[in-house]
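Everything below concerns the one structure shown next.
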Amino acid sequence: MYTERLSQDQTLNAHLEQLAAAKSPAYRALGRVQDAGLRREAALLLDLLLSEQIAVPPTFPNPVDAVAALRAGVEKAKPDRKCIGYILKSYPAWISALAPHARESFLASFPVLAPAVYDLNDAGMRLVLEAAANDPAILPHVAAYSMTTADAIRAMAGIAH
């Protein structure tokens, strides 16, 4: 069992080195990720970013559910490159600022909310995170307004807050 896993890891790392040499050095970072689920989600995110020619962040959030939500959010934000860039820059801070009891609701709602986060900017997202801290159940309702205007989302988050 151990030798089989070792062989699989060696094969995977060899493929990642080939991708790093041919496509982007960012693939090398996946070799350092030990968790299989996290590696899978990070690889999907990396492939998406490189296919869209968007700069890859130096690290990926942890654990798997945070990367999965980030990937889904980036997919939903396409083709808005400014929004995707803003998500990649700000997402780690949003995850850090989350109240622990709001994490699950935020991660589930984030992909729906993602297309609007650039328009919401820092102040709007702060309001969304505060509303989530007060009542995580409100996030799906706030996110449902993501295809409207930033003002509508802020108003919904303000009401929730």
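Could you check the simple spin-label distance between ALA93 and LEU50, using points 7 Å along Cα→Cβ, in nm with one decimal?
That separation, rounded to one decimal, is 2.9 nm.
Once Rg and Dmax of the Cα atoms in Å is worked out from the coordinates, which option in (i) 15.1, 48; (ii) 23.0, 83; (iii) 17.4, 57 does it equal?
Matching the structure shown: (iii).
If I compute solvent accessible area with a 1.4 Å probe over the protein chains, what percent of it on the stretch 15-161 is carbon and sulfur?
57
Determine the per residue accessible area of the chain with all protein chains present and a 1.4 angstrom probe, expressed in square angstrom.
54
Given the rule -39500 (n - 2.57) for each run of at least 4 DSSP H residues, summed and divided by the residues of the chain, what is its mean residue ellipticity at 222 nm, to the nearest 500 deg cm²/dmol? Let's see the in-between values first.
On the way: 9 runs with 117 residues, N = 161.
Taking each H run of at least 4 residues, the total per residue is -23000 deg cm²/dmol.
The values are calculated or read from the model by the stated rules, or taken from the named source; none is laboratory data. The structure presented is a predicted model; accordingly, all values stated were derived computationally and were not measured. Every residue, glycine among them, receives a Cβ derived from its backbone with ideal geometry; neighbour counts consider all protein chains shown. Quick note on the areas: whole protein, heavy atoms, side chains included, nothing else; ligands and nucleic acids left out. Shrake-Rupley method; radii C 1.70, N 1.55, O 1.52, S 1.80 Å.
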